[in-house]
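Encoded as C-alpha cells, the structure appears first; notes follow it.
The values are calculated or read from the model by the stated rules, or taken from the named source; none is laboratory data. The shown structure was predicted, so the numbers you read here are calculated from the model rather than taken from an experiment. Neighbour counts run over all protein chains shown; Cβ positions are idealised from the backbone, glycine included. To get the accessible areas, we keep the full protein, side chains included, count just its heavy atoms, and leave off ligands, DNA and RNA. Shrake-Rupley method; radii C 1.70, N 1.55, O 1.52, S 1.80 Å.
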Amino acid sequence: MEKSAIHLHSKIQVGTVDPRIFGGFLEHMGRAVYQGVYDPESKHADEDGCRKDVLEALERLKMTVVRYPGGNFVSGYHWEDGVGPRENRPTVRDLAWNSIETNMFGTDEFIQLCRKMNWSPMMSINLGTGTPEEGRNWVEYCNGQKGTKYADMRIDNGNSDPFDVKLWCLGNEMDAEWQLGHVPAREYAIRAQQASKLMKDFDRSLEMVVCGSCNVDLPTYMTWDREVLEYVASYADYISAHRYVGNENDDTADFLAVTNSIDKQIEETEAVCRYAQAKNKLWKRTAICFDEWNVWYRTHDVDGNQQIAPHLIEEVYNLEDALVAAGFLNSFIRHADTVKIANIAQIVNIIAPLLTKGDGLLIQSIFYPFEMMSRRRNGVSLRFAVEGPEYASPSYGKVNTIDVSTILSENELQLFTTNRSLDKTAEIHVNLADREIVSLSNAEILTGPDAKASNSFEKPDVVISQPFDSVTINKGKAIYEMPPLSFAAVSLKLK
Ligand code: AHR
C-alpha cells in the first residue's frame, strides 16, 4: 500500500470549469455518421434515421458541444452539397479519406440531432479548398432571419427557426501538409482573418476558433501558432490544439505519464496566447480549444478505397487507454483558466467510446471516465499539492503516482484520481484545509483485470465503472483506497 495526500484550500482556485470541455466530435469519416449516428436501415432507427441505441449511450456522456463535419473531411467539403431535398444532393468523392460521400446527412440533419441531444453545434468551415465567403454564406444559412438568400434557402428546406450556431472553427489542421489546401502560417492567417471578419460582420455574437498546431512533433509546432496569432489574435476567440497519444513502446507506466506532456502542450500554447495578447496590445486573450484528443496508435487504415462508410480507424480500447483518457480530462480541469473547450475525437466508430456492429453496440473502456467526470463537472477547479510516491517515466519525466484534478461547487467537492501504480494499492487522503468534509455523496471506480483488458461484443463488461463506497470520513478528511491501475470519481459533501 502506498499513501498519497491531496492538500486543497477552497479559496485557492484555478478557475471555473467550462462545461464545454466535455465536448465531442462527429466527422464524415468511415462509419461515424453513416452506420454510426445515422442509419435509417437499422432496426434502432428513429423517425429521423438516427440510431436510438447510439444516441441513448451518448446521452449518458452529457456532451455539451459537438464539432462537425470534420476534421480533414471539411477541407474538401462544400456545405451546399448537404442541404435541400435528398434526391437533389450530389454524391461526391471525399479526398481526405478517399471515400464516397452521399450527402444524405448534412447541416439540417446535424442541427436536428443537436436539438435532440441538447448539444451546442460547433461547425468547422472549409478553409482548405473553400473560401471565406462560403463560410459566411453558411453562417447566413444557419443563423439568418427570413428575407435573404441563404436564410430563405434554410426556410425552404423546412427549417423556419434559425439554428443559432455560435461557435465556428476556421478550417482544420491547416498546419499539416496532409490537409487539403494546406498553406504556410501567414497565408492561413490571412484566410482566417478574412473569414472571421466576414462571419462576425454577419453576426457579432459568433465565436471563432483558429487552427493552432495539430501535432507536437511537426517542425512548425508553436511557430505556426505564433505567426497565426500575431496576425489574427484580435479575431480569434480560441486557438485549437489537437493530440493523439499511444503506447507504441508497450510500457504502461510510461504511457500513463503522458499527462505531463499534455500539461506541457497546454502551457506552451497558453504562453503563445499570452505573447500574442501582449504583441497585439489586447485586453482579451485567445483561449484554448482542445478540439481533438484521444488515444490513437493501433489503426492506420485511413484509405476508404472509394467506398461509402468504410471501416476506418476503429480502435479497440483497453483499461490503460481509459486511464489516459481520464488523464486528458484531468489536465483540462487543471488548466480550467485557459482550456475552455475540448472535444473527444470522435463519438462513434472512428476512434470512439462507442462501436457499432450491425445492430449491436459496444461501450468501450474510454466511455467510462468521460461519463464519470461529465456528470460531476460543475464548479471551480482547485489548485492542489500531492504528497506521495512518484516515478520517473522514460518519455515524460517524473510524475506523481496518482494523477489528480478536483472541482469544488457550493457544498460538494469532486475528486478525480488515477492510481498509475501497476501493482500497489493507493491510500488517498483528502485534506480540504478550510472546509470540513462531512460525508460521501457517491463515487464510482473504473478498473479491470489488467492494463490490456478491454470490452468486446462477446464480453462487454470487462472494463466498466462500478459504484465505490469504501470511502471513510474522519475528522473532516476523507480517505479511500484505490487498486492498482484504477480511476475513481468521488463526490464528497461539505459542511
Ligand atoms: O479524428 C481523425 C482525424 O485526425 C481528423 O480528421 C483530423 O483532424 C486528425 O488528423
Kindly report, to the nearest 10 Å², the accessible surface of TYR231 as traced by a 1.4 Å probe over protein heavy atoms only.
80
At 7 Å along Cα-to-Cβ for each site, give me the label-to-label distance between HIS7 and SER456 in nm.
4.8
For the range 279-333, averaging the sequence separation of alpha carbon pairs under 8 Å that lie six or more residues apart and dividing by its residue count, the contact order in percent is 31
Here the gain from full extension of HIS78 to GLU56, 0.36 nm per residue of separation minus their alpha-carbon distance, amounts to 4.9 nm
Please work out how much length the chain gains when fully extended from ARG298 to THR425, using 0.36 nm per residue of separation minus the C-alpha to C-alpha distance, in nm with one decimal.
42.8 nm
Taking R0 as 45 Å, what's the FRET efficiency between GLN466 and LEU282 from their Cβ-Cβ distance, rounded to 0.05?
0.40
Antiparallel DSSP bridges in the range 18-377: what percent, to the nearest 5?
20
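Filter LYS62/LYS452; LYS116/LYS200; LYS166/LYS284 down to the pairs with a C-alpha to C-alpha distance above 20 Å, please.
LYS62/LYS452; LYS116/LYS200
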Solvent-accessible surface ranking, highest first, for HIS311, HIS182, HIS242, HIS44 at 1.4 angstrom:
HIS311, HIS182, HIS44, HIS242
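Assuming 0.36 nm per residue, please report the length gained on full extension of the stretch ILE100 to ASN118 beyond their Cα-Cα distance.
Gain on stretching ILE100 to ASN118: 3.5 nm.
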Per-selection Kirkwood Rh - the range 18-377 (Cα, Å, 1 d.p.)
20.4
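Can you tally the net charge around ASN172? Count Lys and Arg as +1, Asp and Glu as -1, for every other residue whose Cβ sits under 13 Å from the Cβ of ASN172.
On the way: positive: ARG67, ARG191; negative: GLU27, GLU173, ASP175, ASP291, GLU292.
Computed value for this residue: -3.
Given Cα positions, please report Rg to Rh for the range 384-495, the hydrodynamic radius being the Kirkwood one.
Checking Rg against Rh, the ratio lands at 1.00.
Would you tally the net charge around SER470, using a Cβ to Cβ cut-off of less than 14 Å, leaving SER470 out, and scoring K and R as +1, D and E as -1?
My count for the surroundings of SER470 gives -4.
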Just read off the accessible area of GLU133 with the full protein assembly in place, 1.4 Å probe, to the nearest 10 Å².
110
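Using only helices, what value at 222 nm comes out for the chain when you add -39,500 (n - 2.57) per DSSP H run of length 4 or more and divide by the total residues, to the nearest 500 deg cm²/dmol?
Numbers: 10 runs with 118 residues, N = 495.
Calculated from helices alone, the mean residue ellipticity at 222 nm is -7500 deg cm²/dmol.
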